[in-house]
Amino acid sequence: MTKQNEEISEEFEEPTIEATEANDSTADETAEANEPVLTDLEKAQAEAADMKSRYLRSVADMENYRKRIAREKQDIIRNAAANVVESLLPVLDNMKLGLQAAENHPEAKDVTFGFKMVDDQLKKSLSEQGLQELIPDGESFDPNLHECIAHQPSEEVKEDHVIQTVRAGYRLNDRLIRAASVIVSSGPAKEES
């Protein structure tokens, strides 16, 4: 090869190496430029996922709040109704006592009939509001629903069963308002030796 050709080929080779190095540095710069873009994208996706999670929790909290408020509202209504019903229980008791006393007077038959109609109408109205009368005669004694005021021996009624209800109990919407006052059987009378 001639000297001139060698110089030309050296000139061409060197720029080629430099061009490759320049291309490599450009690729490195592009890769470095892409890395922050990917990390920014990943950060944005993580932030979006976090925001979505917070949003879903907030929606769930709001739904739970609505349900709790609705339950509390129903409880307030029930408690208000319970207070009204509790104030009417002595009226029911006195009406019952008056009707029992009037049954012994035949001349008050028409008045007794009228009061019996009022008593029935009052009980019907209260039962529509969820009031249930508890008269456990003959049933097993339940301390959750009954209040034992006396024990009495009985040949007809089994031991620990109610012989007589002295005062009716009442339950309003599955909530005991007043326990029934009852006399409980102590079983057959035991002979003393």
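For GLU147, the amide hydrogen comes within under 5 Å of the amide hydrogens of ALA180, SER181, VAL182, counting only partners 5 or more places away or on other chains and with H modelled in the peptide plane. Each Lys or Arg adds one and each Asp or Glu takes one away; over the other residues whose Cβ falls under 12 Å from the Cβ of GLY98, this sums to -1.
Once Rg and the Kirkwood radius are both taken over the C-alpha atoms of the range 132-193, their ratio Rg/Rh works out to 1.07.
Of all lysines in the structure, the ones whose alpha carbon falls short of 18 Å from that of LYS158, not counting any fewer than 8 places away in one chain, are LYS190. Under the criterion of Cα pairs below 8 Å and six or more residues apart, the relative contact order for the range 42-172 equals 21 percent.
Throughout, read-outs are computed from the coordinates displayed, never taken from laboratory work. Quick caveat: nothing in here was measured; it's all calculated off a predicted structure. Note that we place each Cβ from the backbone using ideal geometry, even for glycine, and neighbour counts take in every protein chain shown.
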